[in-house]
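The structure appears right after this line, and notes come after that.
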Amino acid sequence: MKEALYVQTARILAERIASGHYPKDSLLPTEMELCKEFQVSRHTIRAAIRELQELGLVSRNKKAGTKIEEASTSSKYSYSLASQEELSDFGTRHKRSVQKIETIVVDQTLSKEIACSPGVRKLRISSLRLDEGDTPPVGWTDVYVDPSYTELPAIMEESPEMLVSSLLETRYGRRISSIKQDIYAVTVPEHLVDVLQADASTPALKIIRYYYDSANKAAEVSVTIHPAGRFVFSTRLSKK
């Protein structure tokens with residue numbers, strides 16, 4: 001998927017900040033200078049700078065300009081959700097390590113979580129989401145799909161960076177038309193304490209995403225656990 005211009009611009013600017021090209025407490029070039037350098041519109045530059053603000057890398061002052069506040073985002077991962085395309089982009093921005101792929105029988109508890117009937121079989125793909133450097137995992141994700149997609153295990157083991165939703169579209173022609181997200185405040189589940197390098201009492205975000213096809217049927221459900229301090233989920237609301 002082609003990266004949106006403002007996302008690409010923000011990424012390049014963030015890399016420059018991290019490298020010290022733009023030192024802490026210095027100012028970014030002006031919007032007009034950045035427009036000229038990147039050959040993009042002022043709207044794109046402003047959107048890119050908003051991304052940097054949400055990451056905590058810069059602050060803006062109408063009189064003083066855009067100031068560099070931090071050199072990196074530490075181990076936090078910040079994301080601004082505006083569309084299904086951006087959500088897919090989020091899924092490819094950091095390393096994923098597939099831990100286990102198995103066919104399971106859905107029990108009563110899980111059936112309520114992933115909105116299906118108990119007793120049905122599902123293919124479960126479990127993976128760690130990793131940041132760069134020697135930092136604890138960003139999160140753990142379990143993806144549930146129909147076990148009839150027999151090619152998925154081999155593909156995911158060979159190419160863990162591939163998104164399941166993208167594979168459902170390209171390999172099986174099952175277009176994802178909408179995504180519903182439910183976000184809960186929880187503590188890290190006991191069975192993930194060691195792998196996520198967290199305590200059982202550690203607060204966490206639990207994000208359940210339902211990927212619906214054009215017939216409004218769930219083609220995929222993912223359940224992700226993000227321990228506190230490792231992930232920031234943000235949305236931007238615009239008044240029309």
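The values are calculated or read from the model by the stated rules, or taken from the named source; none is laboratory data. From a predicted model like this one, the values you see are computed outputs, not experimental measurements. All Cβ positions, glycine included, derive from the backbone under ideal geometry; neighbour counts span all protein chains shown. What goes into the accessible areas is simple: the full protein's heavy atoms, side chains included, and nothing from ligands, DNA or RNA. Shrake-Rupley method; radii C 1.70, N 1.55, O 1.52, S 1.80 Å.
Descriptive notes on the structure:
- For the range 1-10, the set of residues classified as part of a helix (DSSP H, G or I) and modelled with pLDDT under 80 consists of V7 only.
- Every test in (1) modelled with pLDDT under 90; (2) not in a helix (DSSP H, G or I) is passed by G91 save one, and that test is (2).
- All positions within the range 15-36 that are in a helix (DSSP H, G or I) and modelled with pLDDT of 85 or more: R16, I17, E31, M32, E33, L34, C35, K36
- Residue list for the range 96-113, restricted to those being closer than 19 Å to K217 by Cβ and either among the basic types (K, R) or within 19 Å of the chain's Cα centre (by Cα) (or both): K112
- For beta carbons closer than 7 Å, sequence separation of 6+ or different chains, a first residue in the range 45-58 that is among the hydroxyl-bearing types (S, T, Y) and a second that is assigned to a loop (DSSP other than H, G, I, E, B) and surrounded by fewer than 17 Cβ atoms within 10 Å (Cβ to Cβ), there are no qualifying pairs.
- Of all residues in the range 113-128, those satisfying the criterion of being open to solvent by less than 20 Å² (accessible area, probe 1.4 Å) and either closer than 15 Å to T224 by Cα or not hydrophobic (A, V, I, L, M, F, W, C) (or both) are I114, I125, S126, S127, L128.
- Residues in the range 68-81 include at least one that is over 30 Å from D142 (Cα atoms), at pLDDT 80 or above, open to solvent by 30 Å² or more (accessible area, probe 1.4 Å) and of a type outside the set (F, W, Y).
- Counting only residues that are loosely packed, with under 13 Cβ neighbours inside 10 Å and in contact (Cβ under 8 Å) with a residue 40 or more places away in the chain, the range 4-33 holds 4 of them.
- Taking (1) without any contact (Cβ under 8 Å) to a residue 40 or more places away in the chain; (2) open to solvent by 70 Å² or more (accessible area, probe 1.4 Å); (3) of a type in the set (A, V, I, L, M) in turn, I183 satisfies each apart from (1).
- Looking across the range 37-50 at every residue that is open to solvent by 90 Å² or more (accessible area, probe 1.4 Å) and either β-branched (V, I, T) or under 17 Å from G65 (Cα atoms) (or both), the one that is farthest from the chain's Cα centre (by Cα) is identified as R42.
- All positions within the range 191-209 that are farther than 29 Å from T150 by Cβ, at pLDDT below 95 and charged (D, E, K, R): D199
- Hits in the range 151-170 - residues which are surrounded by 21 or more Cβ atoms within 10 Å (Cβ to Cβ) and of a type in the set (S, T, N, Q): S165
- Scanning the range 134-150 for residues that are among the hydroxyl-bearing types (S, T, Y), touching a helix residue (DSSP H, G or I) at 6+ places or on another chain (Cβ under 8 Å) and open to solvent by 20 Å² or more (accessible area, probe 1.4 Å) yields one hit, Y149.
- Top-ranked residue in the range 123-179 [being of a type in the set (V, I, T) and in a strand (DSSP E or B); ranked as farthest from R209 (Cα to Cα)]: I125
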